[in-house]
Each structure stands twice: as C-alpha cells, then as structure tokens.
Amino acid sequence: SQGVSASALAKISPLLIQPHITHLLSGFAYWLHTKKPGGFASEGEICRELGKEWTRLNGRAWREEDPKIEKIMKEFLHAVLQQTGILVEDTPRWYGFAHLTFEEYYAACYLIANSQKRVQHIRTYLHDPRWQEPILLALGLVGRESQEEAHMLVETAILANGEQARAERLEASPYEALLGRDYLFALLCLGNDIPVHPT
C-alpha cells in the first residue's frame, strides 16, 4: 500500500483498515495452514472462509452463497492482492500468501487472538512440524505484550505443567518421559528468546 492513503484504501475496501485486515487474514491463514498444505486455494474457497470470519467478527449469521457477503469478500481479496503484496495469484483464481512467512505470521496471530483458547490452540498443534514456526511466532508476539503471559503459555501449553494445565486437564505428550518432546520444544522456546521463568 505504498503511497496510498488510509482513506483511499478504505474506499477500495473498508476491510483493508486495521484491525479488519489482520482479523480476516489471520482466520484465513489458520484455515489455509490447517487445510491446504500446498498453500493455495480457489477464489470461491477463500471468499467462503473470509466470509465466515467476517460474519463471526460482526456478530452476523453465516449463510452459504450470500451474494452481498461474497461481493464484499471478493472486493477485499482483490484489494489485498493489488494493494499489499501479501497475497498472490498462483494460477487463475487460485491464491495464497506471497511467502510462507506471511502465512505463518497470520496463523500465529490467529492462535493467540482469543486469550481463552490460546493454550488449547497451541497444545493442539504442538508437535506438528508445520506448526512449529507459527507457535514460536505466537509465543514471541505474546511475550512482547506480556512476559508473564508468555511464561504461563510455555508452562501450560508447552510443558503441560502448573495450575492452569491441571484445571484444563492437560497432560504431557505421550511417552514424554522417554521422548522429551515437550521439554525439547521448551528448549526451542528458550533458544528463540521466548520469555520463561528462570526455574
């Protein structure tokens, strides 16, 4: 969006203004990272997923094939393509993030967007190699805002220790005593300067 004012972007698509763009791209990145390992999806699929997220954010009911929502999402998709460089067209009407780093960053934003679901989101994907970078990014983003919250997430979501882990009935990964996967991921967090308790 070099050289384009915020008001001009809003005319192209009001959803290009923060926080809309981050919320929509985060939900889309999470879906893409989970469902499309190749990193690209059709325009119809993308508009459907963006529409679901948009209606959720606006407290509206999602209806499949709503022409008004489809039009808004197509305008948003094409505005992001033309104005930001975050998304690219791979083949006609198939789109994805310009680089895996963008997808991982926005997927990380989704993991931590809801503070009540952070632990479960992280724990769900903890040892999936595709999710290693998004989880580290998510913990780093949280650590920039609150070191204490990052400490808690490493203890609870990574190590399945502490009061909150017990309250959520989290257990160490299978065969943790032999494999030490949770412990190794915690060491990876240390190596990436994620704030943790000294103990």
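The values are calculated or read from the model by the stated rules, or taken from the named source; none is laboratory data. Please read all numbers here as calculations on a predicted model, not as lab measurements. Cβ: placed from backbone, ideal geometry, glycine included. Neighbour counts: every protein chain shown. Calculation scope for accessible area: heavy atoms of the full protein, side chains included, ligands and nucleic acids excluded. Shrake-Rupley method; radii C 1.70, N 1.55, O 1.52, S 1.80 Å.
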Q) Does the stretch 184-191 contain at least one residue that is out of contact with any Cys (no Cβ under 8 Å at 6 or more places or on another chain), aromatic (F, W, Y) and farther than 19 Å from R118 by Cα? A) no
Q. Is there a residue in the stretch 145-152 that is touching a Phe, Trp or Tyr at 6+ places or on another chain (Cβ under 7 Å) and either assigned to a helix (DSSP H, G or I) or under 20 Å from K117 (Cα atoms) (or both)?
A. no
Q.
Contact list please: Cβ distance under 6 Å, first residue in the stretch 20-47 and within 17 Å of V80 (Cα to Cα) and open to solvent by 50 Å² or more (accessible area, probe 1.4 Å), second residue at pLDDT below 95 and part of a strand (DSSP E or B), pairs at least six apart or on different chains.
A. F40/D90
Q | Which listed residue is among the charged types (D, E, K, R), open to solvent by 50 Å² or more (accessible area, probe 1.4 Å), within 27 Å of E43 (Cα to Cα) and over 17 Å from the mean Cα position of the chain (by Cα), from E155, E89, E133, E163 | A | E89
**Q.** One residue from A160, A165, A107, A79 being in a helix (DSSP H, G or I), modelled with pLDDT of 95 or more and of a type outside the set (K, R)
**A.** A107
(Q) Residue pairs, Cβ under 7 Å, 6 or more apart or interchain, first in the stretch 158-171 and at positive phi, second open to solvent by 50 Å² or more (accessible area, probe 1.4 Å). List them. (A) A160/E171; A160/A172; G162/E155
Q: Output the residues belonging to the stretch 25-74 that are among the polar types (S, T, N, Q) and more than 16 Å from R93 (Cα to Cα).
A: S26, T34, T55, N58
Q: Would you tally the residues in the stretch 110-120 being assigned to a helix (DSSP H, G or I) and open to solvent by 30 Å² or more (accessible area, probe 1.4 Å)?
A: 4
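Table: residues versus (1) under 25 Å from W31 (Cβ atoms); (2) touching a strand residue (DSSP E or B) at 6+ places or on another chain (Cβ under 9 Å); (3) of a type in the set (K, R).
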{"position": "D128", "(1), (2), (3)": "yes, no, no"}
{"position": "L139", "(1), (2), (3)": "yes, no, no"}
{"position": "E148", "(1), (2), (3)": "no, no, no"}
{"position": "A160", "(1), (2), (3)": "no, no, no"}
{"position": "R169", "(1), (2), (3)": "no, no, yes"}
Q: Report, by residue number, each residue of the stretch 187-199 that is surrounded by fewer than 18 Cβ atoms within 10 Å (Cβ to Cβ) and either in a helix (DSSP H, G or I) or of a type in the set (F, W, Y) (or both).
A: L187, L188, L190, G191
Q: Would you be able to say whether some residue in the stretch 51-64 is at pLDDT below 95, touching a helix residue (DSSP H, G or I) at 6+ places or on another chain (Cβ under 6 Å) and surrounded by fewer than 16 Cβ atoms within 10 Å (Cβ to Cβ)?
A: yes
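Quick one: would you say G96 is in a loop (DSSP other than H, G, I, E, B) and either surrounded by fewer than 21 Cβ atoms within 10 Å (Cβ to Cβ) or modelled with pLDDT of 95 or more (or both)?
No, not satisfied.
Let's see how each residue does on (1) surrounded by 17 or more Cβ atoms within 10 Å (Cβ to Cβ); (2) among the acidic types (D, E); (3) more than 19 Å from the chain's Cα centre (by Cα):
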{"site": "M73", "(1), (2), (3)": "yes, no, no"}
{"site": "G85", "(1), (2), (3)": "no, no, no"}
{"site": "E104", "(1), (2), (3)": "yes, yes, no"}
{"site": "A107", "(1), (2), (3)": "yes, no, no"}
{"site": "A150", "(1), (2), (3)": "yes, no, no"}
{"site": "Y175", "(1), (2), (3)": "no, no, yes"}
{"site": "Y183", "(1), (2), (3)": "no, no, yes"}
